[in-house]
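The values are calculated or read from the model by the stated rules, or taken from the named source; none is laboratory data. Please read all numbers here as calculations on a predicted model, not as lab measurements. No Cβ is skipped: glycine too gets one built from the backbone with ideal geometry, and neighbour counts run over all protein chains shown. Quick note on the areas: whole protein, heavy atoms, side chains included, nothing else; ligands and nucleic acids left out. Shrake-Rupley method; radii C 1.70, N 1.55, O 1.52, S 1.80 Å.
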Amino acid sequence: MIEVQDIKKSSLAENPVIAQMSLHNHEQVVFCNDNETGLKAIIAIHNTVLGPSLGGTRMWAYNNEMEALTDVLRLSRGMTYKSSVAGLNLGGGKAVIIGDAKTQKNEVLMRRFGKFVNSLSGKYITAEDVGVNTRDMEYIKMETDFVSGLPANMGGSGDPSPVTAYGVYLSMKASAKEKWGNDSLEGKKIVVQGIGNVGDNLVKHLMKENARVSIYDIHEDRMKAVAKHTGAEIILDANTLYDLDMDIYAPCALGATVNTDTLNRLKCSIICGAANNQLADENVHGKMVIEKGILYAPDFVVNAGGIINVFYELQGYNRERAMAHAEKIYQTTLNIFKTAKEQNIPTYMAANRLAEKRIEEIGKVKLSF
Ligand code: NAD
């Protein structure tokens, strides 16, 4: 008997692009090439049932084109789930420019890329991501209006980090309520790893609530500055971070820090932070956290403040409305914990199901006219 897996494997070999798209039902992938500027980019649109696809453009020196394709497919799908769970009328999309952002980026390359974004007539709306800064967004904006997440001096919503941090803080409170029956963080020992734009703002919320916050960042100066203006304690030895006595671990730097090694060391009750893709392997570590008695707040639910902020820019930005929407992250987090308990599944899976359910239901509404 031919197994579905075998069909997937054989079609991957024959036609790697469409087969990869079909694995997670991506709608459209646009390959962009321009010999004059040297632009090589891929725009992936995963799903537009809820609305136009929105997600940042990443510029990265990928080793090969397949690596770039895999990344853009994975990232665009993630955006579909994040926007759906956040209750936004947005689909998921993402773009990658293949190249070294330090040496190959210039005005003409970014403007040529903007032309490609424009050619999709709004089906894909771009924003900043790794390797692409506000200056680049200015260039892209010269060629297309399908851009969001612009700085305030260009009429945009500015830095989304305060809204993201507020959402992380609310998710953490919801997690505390689920774990301890009370959402107060007073006196809780919280380790924040990565004191960048989000981490810094998060620490301020936590200190206001009299939590006992320890921070770590690879940039010592930054860590010292944040410790000085917030009163948080500095973790001196990075190697001890996962072994510390803590109630909550808040990853706010890198992905994949929740893995077999760290889970064997962590003694926390809750994992809740801003970083994307925290679980090194969803299937393995989503279950392992349960075995360890740790409540994991799914990252794309927790850090949705950024996309919420960008969404409100599309409608004429109003920070109060963005913050009011971000407040819903508290209840969404609780709903996910409830579903996970009722269905006896890991929390990441409950979040995925919630996202898929909304897309399915709204899809039916749209079919009726
Ligand atoms: P940032 O670049 O401002 O900050 C990241 C910080 O992590 C930096 O200070 C960096 O020095 C530090 N860092 C890097 N490697 C580290 C390590 N090994 N150990 C400790 N610290 C390390 O980024 P940000 O905007 O604060 O975002 C933080 C995370 O949240 C990222 O993973 C980002 O993808 C995610 N996120 C951010 C937003 C947003 O609105 N900014 C939205 C959604 C998700």
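Here are the numbers for this structure:
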item: Per residue accessible area in Å² of the stretch 168-225, where ligands, DNA and RNA are left out and the probe is 1.4 Å; result: 45 Å²
item: Folded to 0 to 90 degrees: helix 4-14 orientation relative to the chain principal axis, Cα; result: 50 degrees
item: Beta bridge orientation in the chain: antiparallel %, DSSP, nearest 5; result: 30 percent
item: 12 Å beta-carbon shell around Ile345, net charge (K/R +1, D/E -1); result: +2
item: Local net charge near Pro52, Cβ-Cβ under 14 Å (Lys/Arg +1, Asp/Glu -1); result: 0
item: Total formal charge among the other residues, if their Cβ is under 15 angstrom from that of Asn277, Lys/Arg +1 and Asp/Glu -1; result: 0
item: Coil-residue trypsin sites (Lys or Arg not before Pro) of the stretch 35-83, DSSP, other Cβ within 10 Å capped at 13; result: none
item: Over the chain - Rg/Rh using Cα atoms and the Kirkwood inverse-distance radius; result: 0.97
item: Antiparallel bridge percentage (DSSP; both residues within the stretch 161-357; nearest 5); result: 0 percent
item: Helical mean residue ellipticity (222 nm; -39500 (n - 2.57) per DSSP H run of 4+; nearest 500) of the chain; result: -15000 deg cm²/dmol
item: Bins of 5 Å from zero: percent of alpha-carbon pairs in the stretch 161-357; result: 1, 8, 17, 21, 21, 16, 9, 4, 1, 0
item: Apportionment of accessible area to carbon and sulfur, the chain, percent (1.4 Å); result: 50 percent
